[in-house]
Amino acid sequence: MKPIYTQAEEALKGLLHDNMTIAAGGFGLCGIPENLIVALRDSGVKGLTVVSNNAGVDQFGLGLLLQTRQIKKMISSYVGENAIFEKQFLSGELELELTPQGTLAEKLRAGGAGIPAFFTRTGYGTVLAEGKPVQSFGGREYVLEESIVADLSIVKAWKADRAGNLIFRYTASNFNPACAKAGRLCVAEVEEVVEIGELDPHQVHVPGNYVDRILVGARHEKPIEQRTLAGQVALKGFTPIRQWQAQRISREFTDGMYANLGIGMPTLVANYIPEGINITLHAENGLLGVGPFPAEGQEDADLINAGKQTVTWLPGAAFFDSSESFAMVRGGHIDLSVLGAMQVSRTGDLANWMIPGSMVKGPGGAMDLVSGVKKIIIMMDHCAKDGSAKILDECNLPLTGKQVVDMIVTDLAVFSVARGRGLTLLELPPGATLEMVREKTGCSFEIAANLKQW
C-alpha cells in the first residue's frame, strides 16, 4: 500500500529542494494538483524548473509560483492568458523553453518509458527546431527531441486505491498520466481513495507502480476558466461575413470525418455542418466526440475543450490523455483541422503563435496539427488590424510550419494552396471584388478559370 496523506505539506515532506525539476499535470485549470501547488508555494523552495503544458492563470495554479518568483524556468507549450507568465518572459526574468504540445506530452511519456530521445516531424523548419539534429526518413525531415525525466511529478486524479492505481475523470486526464510516469517520484492528489480491489482493473489509467505517495481529503476548488453555456456564446467581432466564412469552410467536410477546430473563430464552423454530414470533433486535450456547450447548471470543471471552454460529449465519445491525443494527430488519424493565423505565405507556410518582443502565446498544439493532420484550412481576416497584408510571399513572424496550409478562407477571398508552389483564387465572398483582393494581398496568385462570386 502507498503512503496516504491528508495534508499537502506532509505529502511533499522530504521531497523538495531548490533548483529541482517538477512535472505538473493539468491543462489550464482542468486537472491541476491545486493543493500540492499551494504547498510548493508555502514551502519556499526556489529556483524551480517546472514542466507543464501551461501555468494556470495569474491567481491560481502554477501562476501562484510565478507570483512568488519561485520558478526560474518553464518548459511549456502555451503561455495562454497568464499575464504574469508573459510579462516575466518578455522582460527576461523567466526562462521559457517553448515546446509544441504534442512533443511535450511525448517527451514526458518517453522519459517515463526509458526512451532518451525520439524523432518527430513537429516543429521542423521553425525556430523551435533550431540547433536540433534533423534526419530524413522516407524522404521527409524529422527533428530529434530529448525526453524529460523530472525529479518529482505532481498530478491530480479522480480516484485512487491504496495500491496507487489512478483513474482520471473526463478531460482532467490531459497531461497527468505522462507527468506521473516521467517523475522519479510521483505524488498524486486525488478526490477519493478506495480499498484495493474496488477499482475495476480495466478502468485503471495509471498503474500504482508509477505512484509513490497519495494526497486525499484536501479541498478542491476546481475553478472553470471559460464557463461556456449553450445559447450564451458570443464570439468577439462576430459578423455576417464571419458566418459566411464558417459556412464556406463547413462545405469541406465529408461524412465520417474526424476534425479538429482551433480556438476562437474556427469554433464557429461546428454550427454549420451540412445536414447528412456526420463528423467527429477532436479536442487535443483528450476528447474524441466533442458535443455542444452545456446547459446552465450542467457545466463540469473536468470537461473542457482545448479553448478551456466547458463542453459536453456525444454518444460514442472517447476520453484519453494528451500523449494519446497527439499520437492520433501525428499519426495522420485526424482528417481536417481549421486554424487561425497571423500570417500565411503563398507557398503554405503558417505563422500563428508569436510576435517577437510584444506577444507570445506559444505554439500549443498547432505545430503538431499542421505536421500530422491530412488537410489544414486557415480561417482569418484578410488583413491585420493595422491594415497590413496577412497573406505574403514569405512570413516575417516565427513559423508554425513550412508548406502546411491547403486552403485559406478570409473575409475577402477563398484560396487553394498548392504547397510549395502558390495560391489560386477560387471564390469571392459577398461584397468582395477582385480589385480588393489584389490590393490587400501581399503576394501574387493565380485566378481560377471558374472564379465564383457569391
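If I filter the range 19-38 for residues that are at pLDDT 95 or above, charged (D, E, K, R) and either within 16 Å of A150 (Cα to Cα) or open to solvent by 50 Å² or more (accessible area, probe 1.4 Å) (or both), do I get at least one hit? No, there is no match, as no residue in the range 19-38 is at pLDDT 95 or above, charged (D, E, K, R) and either within 16 Å of A150 (Cα to Cα) or open to solvent by 50 Å² or more (accessible area, probe 1.4 Å) (or both). Of these, V149, V134, which one is over 23 Å from E34 (Cα atoms) and hydrophobic (A, V, I, L, M, F, W, C)? Selected residue: V134, the only one of V149, V134 that is over 23 Å from E34 (Cα atoms) and hydrophobic (A, V, I, L, M, F, W, C). Among the residues of the range 423-444, the one identified as in contact (Cβ under 8 Å) with a residue 60 or more places away in the chain, more than 15 Å from W244 (Cα to Cα) and either among the polar types (S, T, N, Q) or touching a helix residue (DSSP H, G or I) at 6+ places or on another chain (Cβ under 6 Å) (or both) is S444.
Looking only at the range 90-100, decide whether some residue is in a helix (DSSP H, G or I), over 27 Å from S371 (Cα atoms) and out of contact with any helix residue (DSSP H, G or I) (no Cβ under 9 Å at 6 or more places or on another chain).
Initial filter on the range 90-100 (in a helix (DSSP H, G or I)): 90.
Those still in the list that are over 27 Å from S371 (Cα atoms) too: 90.
If we keep only those that are out of contact with any helix residue (DSSP H, G or I) (no Cβ under 9 Å at 6 or more places or on another chain) too, we end up with 90.
The answer is yes, given that some residue of the range 90-100 is in a helix (DSSP H, G or I), over 27 Å from S371 (Cα atoms) and out of contact with any helix residue (DSSP H, G or I) (no Cβ under 9 Å at 6 or more places or on another chain).
Sort through S136, S153, S147 and tell me the only one that's closer than 26 Å to L29 by Cα, of a type in the set (S, T, Y) and free of Cβ contacts under 8 Å to residues at least 60 places away in the same chain. Result: S147 is the single residue among S136, S153, S147 that is closer than 26 Å to L29 by Cα, of a type in the set (S, T, Y) and free of Cβ contacts under 8 Å to residues at least 60 places away in the same chain. Within the range 272-309, the set of residues being surrounded by fewer than 16 Cβ atoms within 10 Å (Cβ to Cβ) and closer than 14 Å to G256 by Cα comprises P274, E275, G276, I277, N278.
Tell me the residue from R251, R242 that is within 30 Å of G332 (Cα to Cα), of a type in the set (D, E, K, R), surrounded by fewer than 15 Cβ atoms within 10 Å (Cβ to Cβ) and over 22 Å from the mean Cα position of the chain (by Cα), please. Quick ask: steps written out before the conclusion?
Working: R242 fails: surrounded by fewer than 15 Cβ atoms within 10 Å (Cβ to Cβ).
Residue meeting the stated conditions: R251.
Can you name every residue in the range 343-367 that is over 23 Å from G28 (Cα atoms) and open to solvent by 30 Å² or more (accessible area, probe 1.4 Å)? If the condition is that a residue be over 23 Å from G28 (Cα atoms) and open to solvent by 30 Å² or more (accessible area, probe 1.4 Å), then R346, P356, G357 are the ones that fit.
Just to be sure before I move on: is E81 within 15 Å of the chain's Cα centre (by Cα), surrounded by fewer than 24 Cβ atoms within 10 Å (Cβ to Cβ) and farther than 23 Å from F320 by Cα in the structure I sent? Walk me through it before giving the result.
Working: within 15 Å of the chain's Cα centre (by Cα): yes; surrounded by fewer than 24 Cβ atoms within 10 Å (Cβ to Cβ): yes; farther than 23 Å from F320 by Cα: yes.
In short, yes.
Conditions tested, residue by residue: (1) at pLDDT 95 or above; (2) open to solvent by 60 Å² or more (accessible area, probe 1.4 Å); (3) in a strand (DSSP E or B).
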{"position": "K73", "(1), (2), (3)": "yes, no, yes"}
{"position": "E86", "(1), (2), (3)": "no, no, no"}
{"position": "I115", "(1), (2), (3)": "yes, yes, no"}
{"position": "G131", "(1), (2), (3)": "yes, yes, no"}
{"position": "S136", "(1), (2), (3)": "yes, yes, yes"}
{"position": "E145", "(1), (2), (3)": "yes, no, yes"}
{"position": "I148", "(1), (2), (3)": "yes, no, no"}
{"position": "I154", "(1), (2), (3)": "yes, no, yes"}
{"position": "G164", "(1), (2), (3)": "yes, no, no"}
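Scanning the range 313-351 for residues that are farther than 24 Å from R251 by Cα and assigned to a loop (DSSP other than H, G, I, E, B) yields a count of 3.
Condition (residue is in a loop (DSSP other than H, G, I, E, B), surrounded by 13 or more Cβ atoms within 10 Å (Cβ to Cβ) and under 28 Å from the mean Cα position of the chain (by Cα)) applied to the range 435-450: is it met by at least one residue? I'd like the intermediate steps shown before the answer.
From the range 435-450, those in a loop (DSSP other than H, G, I, E, B) are 441, 443-445; that's our starting set.
When the remaining residues are screened for being surrounded by 13 or more Cβ atoms within 10 Å (Cβ to Cβ), the result is 441, 443, 445.
Narrowing further to those that are under 28 Å from the mean Cα position of the chain (by Cα): none.
No, the conditions are met nowhere in the range 435-450.
For the range 256-269, filtered to residues that are of a type in the set (A, V, I, L, M) and modelled with pLDDT under 90, the residue that is nearest to A366 (Cα to Cα) is I263.
Total residues in the range 166-183 satisfying the condition of being farther than 19 Å from E106 by Cβ and either within 16 Å of the chain's Cα centre (by Cα) or open to solvent by 10 Å² or more (accessible area, probe 1.4 Å) (or both): the figure is 4. Looking across the range 412-427, not a single residue is part of a loop (DSSP other than H, G, I, E, B), in contact with a Gly (Cβ under 6 Å, 6 or more places away or on another chain) and open to solvent by less than 30 Å² (accessible area, probe 1.4 Å). Scanning the range 56-78 for residues that are of a type in the set (V, I, T) and under 17 Å from the mean Cα position of the chain (by Cα) gives V57, I75. Looking across the range 247-281 at every residue that is assigned to a loop (DSSP other than H, G, I, E, B) and of a type in the set (V, I, T), the one that is farthest from L350 (Cα to Cα) is identified as I277. For beta carbons closer than 7 Å, sequence separation of 6+ or different chains, a first residue in the range 208-221 that is farther than 14 Å from P3 by Cβ and a second that is open to solvent by less than 40 Å² (accessible area, probe 1.4 Å), the qualifying pairs are Y210/A180; Y210/C186; A218/A8; A218/N35; A218/E189; H220/E34; E221/E34.
Checking L94, L15 one by one, the residue that is touching a strand residue (DSSP E or B) at 6+ places or on another chain (Cβ under 8 Å), in contact (Cβ under 8 Å) with a residue 40 or more places away in the chain and surrounded by fewer than 24 Cβ atoms within 10 Å (Cβ to Cβ) is L15 and no other.
Can you spot a residue in the range 326-335 that is of a type outside the set (S, T, Y) and touching a strand residue (DSSP E or B) at 6+ places or on another chain (Cβ under 6 Å)? So that I can check it myself, show each step before the final result.
Our first condition is that a residue be of a type outside the set (S, T, Y); within the range 326-335, this holds for 326-335.
Add one more test, that the residue is touching a strand residue (DSSP E or B) at 6+ places or on another chain (Cβ under 6 Å), and what stays is 334-335.
Checking the range 326-335: at least one residue is of a type outside the set (S, T, Y) and touching a strand residue (DSSP E or B) at 6+ places or on another chain (Cβ under 6 Å).
Residue check: R41 meets all listed conditions (1) assigned to a helix (DSSP H, G or I); (2) buried (at least 24 other Cβ atoms within 10 Å of the Cβ) but one, namely (2).
The values are calculated or read from the model by the stated rules, or taken from the named source; none is laboratory data. Computed from a predicted structure; not experimentally measured. Neighbour counts run over all protein chains shown; Cβ positions are idealised from the backbone, glycine included. Surface areas here come from the heavy atoms of the whole protein model, side chains and all, with no ligands, DNA or RNA. Shrake-Rupley method; radii C 1.70, N 1.55, O 1.52, S 1.80 Å.
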